[in-house]
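Below is one structure, written out as structure tokens; the observations come after it.
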Amino acid sequence: MADNPTQAVLAPAPDRVGLPKIWRTVRRWPLLPLALLLLVVFAGVFAPWIAPEDPRKGDLRARMAPPFWLEGGSMEHLLGTDHLGRDIFSRIVYGARISLVVAAVTLGLGGTTGTVLGLLAGWYGKWIDEIIMRIVDIALAVPLVLVALVMVVAVGQAFPSDLGGQTGLIILVLAGFFWVRFARLVRGEVLQLKTLDYVALAKVAGASIPRILFVHIFPGVINTLIVLATLQVGFVILVESTLSFLGAGVPPPTPAWGSMVAEGRDFLAGAWWISTMPGVAILLTVMSLNLFGDWLRDTLDPRLRQLATN
């Protein structure tokens, strides 16, 4: 029994490390999305060492083997095999490499082009801004999937192999549509930044227009570009998977998540894992990228960060 009952009542409760604290940590930091993204990147980079089998090699004696946790499955094929006896786990691992390469090159080309054109449109205005923004409006009104299908049918086989063949054509088509998103966003940021005092001081100091754009204004839009690129990676992967599902994406026998889903759609009744496993890979990857992009937006935007702390 305590000597002073008041002290016993007013004594602070000991800190508890329990579910509430863990939940706050999970909400504050994107631990699960980041872990899934690192897993996908690791699988794509080290695919030759992770995949247990050749993704293109099939064994008809082991065709349509179920995953290891189902009756008839084995640890030899963790996620089962497809209708040609190819290991699904190995194909998913190599498919991650294809998705990451397509997304990285597409956003590299489209993001660079869109950023430069957005800087020019926002800075110069007038007829330069008018031309660039009208091109952006036209590109946003054109159905991307339909154009990609037409381009693959028309020039897919004739596209130079030293430029990547049909895969290179798909990357160029995607980059030709995704630059408009960067251009529109950067242009809006430049319209605000170019009226600030430090830009006026750079003009008075005699700085050239390229120096003002890339040394003084461009750093002010980097945070926005990072958030947009993170969100667009998931969209690029989703579009590439859609095109592969329709037969206009990465050509076989190269494993791609979308084409794997298409190959298993005729066997859903008896071998659901052929389509389900790559579909789950697409779902988890795109969802993790969107969640990570939302977290970056909330973290890098000072207005949203201030609302979150209030």
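Across the stretch 131-278 the C-alpha pair distances fall into 5 Å bins from zero in the proportions 2, 8, 14, 14, 14, 12, 11, 8, 6, 5, 3, 2, 1, 0, 0 percent. When you restrict to C-alpha pairs under 8 Å that are six or more residues apart and normalise by the size of the stretch 98-309, the relative contact order lands at 24 percent. Highest mobility in the GNM of the chain, judged by mean-square fluctuation with C-alpha springs under 10 Å and restricted to GLY293, GLY165, GLY122, is found for GLY165. For the pair LEU201 and VAL145, what calculated FRET efficiency results from E = 1/(1 + (r/R0)^6), where r is the Cβ-Cβ distance and R0 = 45 Å, to the nearest 0.05? Computed FRET efficiency for VAL145 and LEU201 comes out at 0.40. Close amide-amide hydrogen proximity is noted between ASP59 and GLY85, ARG86, each under 5 Å apart and 5 or more residues distant or on a separate chain (H modeled in the peptide plane; Pro and chain starts excluded).
Estimated at 0.36 nm per residue, the fully extended path between ASP59 and SER161 surpasses their Cα-Cα distance by 33.8 nm. Helices assigned as whole DSSP H runs in the chain whose Cα atoms extend at least 18 Å along their own long axis and whose mean Kyte-Doolittle hydropathy is -0.5 or higher are found at 31-45, 88-124, 126-141, 165-193, 218-245, 273-300. Classify the stretch 204-310 as rounded, prolate or oblate, taking a ≥ b ≥ c as the square roots of the eigenvalues of its Cα gyration tensor: rounded when a/c is under 1.5, otherwise prolate if a/b is larger than b/c and oblate if not. Oblate. For the chain, the square roots of the Cα gyration tensor eigenvalues, ordered a ≥ b ≥ c, give a/c of at least 1.5 with a/b no greater than b/c, which places it in the oblate category. Each peptide in 245-255, 175-185 was scored by the mean count of other Cβ atoms within 10 Å over its residues; highest first, the order is 175-185, 245-255. Maximal additional length on extending the VAL101-TRP69 stretch stands at 8.3 nm, based on 0.36 nm per residue less the C-alpha distance. Anisotropy class assigned to the stretch 125-214 is prolate, per the alpha carbon gyration tensor with a/c at or over the 1.5 cut-off and a/b larger than b/c. Counting Lys and Arg as +1 and Asp and Glu as -1 over every other residue whose Cβ lies under 15 Å from the Cβ of GLY95, the net charge comes to -2. In the elastic network of the chain, a GNM with C-alpha springs shorter than 10 Å, the most mobile of GLN232, GLN166, GLN192 is GLN192. Note on ASN290 and GLU76: their simple-model spin labels are 4.0 nm apart, each label 7 Å out from Cα toward Cβ.
Laboratory data are not the source of any read-out in this text; all were calculated from the coordinates shown. Predicted model, so just to flag it, every value in this text is computed and none were measured. When we count neighbours, we look across all protein chains shown, and the Cβ atoms used for this are built from the backbone with ideal geometry, even at glycine.
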